[in-house]
Amino acid sequence: MKVVVTGMVGIDKKKYLEKVCRFAGKRGKEILLCNVGDLMYAEAPDIPPGRILDISMKRLSSLRRSVFKDIISRAKSAPNLIVNTHATFRWRHGLFPAVDFDQMRRLDADMYICLIDSVTALHERLNTEHSVEHCLKDLVVWREEEIIGTEMLYKGIDEKIPFYCLARGGEVETTETFYRLMFDGKSKKVYLSFPMTAVDHMEDVKNQIEEFRRLMKESFLCFDPGDLEESYLLQEARRADNAGLDYVEITASGRKIRLDLNEVRQIERDINSQTYTRDFMLIDQADMIISFIPSMADGRAAISSGVERELQHAHEAAKEVYVIWTAEQSPSVFVTQTATKMFSDIGGAIDFFDRKGYAKT
């Protein structure tokens with residue numbers, strides 16, 4: 001299995017992919033990890049750390065091609081291979097590709113995965129571990145460019161092979177999901193649908209949702225929109241504005257940081273539009289959708305317009321649509337008409353999936 005992994009600066013793909021390799025090794029799967037950036041620096045020891053994008057485009061291209069030539073040669077004998085690279089770079093030279101199509105065709109990868117992460121986590125890493133000047137607007141633009149660049153790359157090479165967009169995850173990283181994308185060809189790939197912003201202040205409902213997410217991930221290979229949640233940032237910006245503050249204080253990567261309020265305001269439209277597009281992309285790359293509609297204290301359903309839109313999108317994409325409706329309130333026709341099957345609790349859904357042979361063993 002040969003996998004090309006892309007992702008913008010600040011995701012720290014190397015550490016994440018090293019964890020994937022260790023996870024695989026414990027399960028008897030050997031993976032050769034080739035970090036293109038490290039290999040380029042090793043081949044050009046005269047270039048100071050962090051300065052490789054400052055060299056001439058001609059030398060940068062020559063250096064990259066030399067490294068990829070070696071990777072292609074090593075791929076012939078590697079039991080499994082992960083190539084850690086970028087699809088695009090935006091630097092003083094402007095926006096430019098980070099790979100060459102002819103070499104990618106010779107590599108003949110089996111899968112492309114674009115890793116993504118939240119704006120706040122990216123911002124924190126770039127401030128503490130890198131010397132990359134940026135604003136929050138830069139981060140949402142770079143992230144979108146990398147996703148589109150990777151999608152164009154895989155379509156230009158062979159659009160019949162799988163391409164996945166995968167969030168790195170917060171406190172619980174998605175390394176097992178990555179491993180299963182590589183080696184588990186049997187489990188159903190599931191998009192998890194549940195209300196998020198609308199229930200932010202309802203602790204009991206949030207606890208129900210967390211239990212749903214945990215149980216589903218025990219049974220399926222899941223694409224979870226909660227692994228990259230940014231709407232809270234916009235809510236915090238409104239609270240800060242109402243309090244007369246010019247900053248937003250949040251926790252990212254275990255640290256409290258302050259973001260400029262105006263910068264957060266500038267990316268509100270980007271966050272909303274990217275969330276909309278990204279969630280539909282995750283549905284499209286899944287086999288089915290499982291939607292959890294929790295019950296509020298008064299028996300009403302905690303359902304959002306976003307969940308209903310996800311159900312409709314999955315239905316129109318001919319996906320299997322399963323809804324776990326726990327509320328006393330009856331579901332609307334916009335839910336029942338899109339659902340393949342409905343359940344009154346999580347246990348009933350899991351029993352059904354076990355009988356169908358969908359859940360992993």
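Miscellaneous remarks
- Among 32-44, 115-127, 242-254, 199-211, the peptide with the highest mean count of other Cβ atoms within 10 Å heads the list, and the full ranking is 115-127, 32-44, 199-211, 242-254.
- DSSP beta bridges in region 1-150 [antiparallel fraction, %, rounded to 5]: 25 percent
- Subset of LYS13/LYS341; LYS19/LYS186; LYS2/LYS341; LYS69/LYS319; LYS137/LYS186; LYS15/LYS341 violating a 30 Å alpha-carbon distance limit: LYS13/LYS341; LYS2/LYS341; LYS69/LYS319; LYS137/LYS186; LYS15/LYS341
- Inter-centroid distance (Cα atoms) of region 214-280 relative to region 118-152, Å: 14 Å
- Phi-based couplings in Hz for region 310-315 (Karplus 6.51, -1.76, 1.60; Gly and Pro marked x): 5, 4, 5, 4, 5, 4
- Pairwise FRET efficiency - GLN329 versus HIS201, Cβ, R0 = 22 Å, nearest 0.05: 0.70
- Length gained on full extension, GLU43 to GLU268, computed as 0.36 nm times the residue gap minus the Cα-Cα distance: 76.8 nm.
- Where only DSSP H runs of four or more residues are counted, the chain gives -14500 deg cm²/dmol as its mean residue ellipticity at 222 nm, each run worth -39500 (n - 2.57).
- Counting only aspartates and glutamates at least 8 places from LYS160 when in the same chain, those with an alpha carbon closer than 15 Å to its own are ASP108, ASP110, GLU151, ASP284.
- Most simply put, the chain has about 25% antiparallel DSSP beta bridges, counting only bridges with both residues inside it.
- Computed over the Cα atoms of region 221-292, the ratio of the radius of gyration to the Kirkwood radius (Rg/Rh) comes to 1.07.
- For region 132-260, the share of alpha carbon pairs falling in successive 5 Å distance bins from zero is 2, 8, 13, 17, 19, 16, 13, 8, 4, 1, 0 percent.
- Ascending count of other beta-carbon atoms within 10 Å, so fewest first, for ARG239, ARG27: ARG27, ARG239
- Cα gyration tensor shape for the chain, rounded if a/c is under 1.5, else prolate or oblate: oblate
- Comparing Cα centroids, region 160-183 and region 292-361 end up 24 angstrom apart.
Any read-out appearing in this document is the output of simple, stated calculations on the displayed coordinates, not a laboratory observation. Because the structure is a prediction, the values reported are computed rather than measured. All Cβ positions, glycine included, derive from the backbone under ideal geometry; neighbour counts span all protein chains shown.
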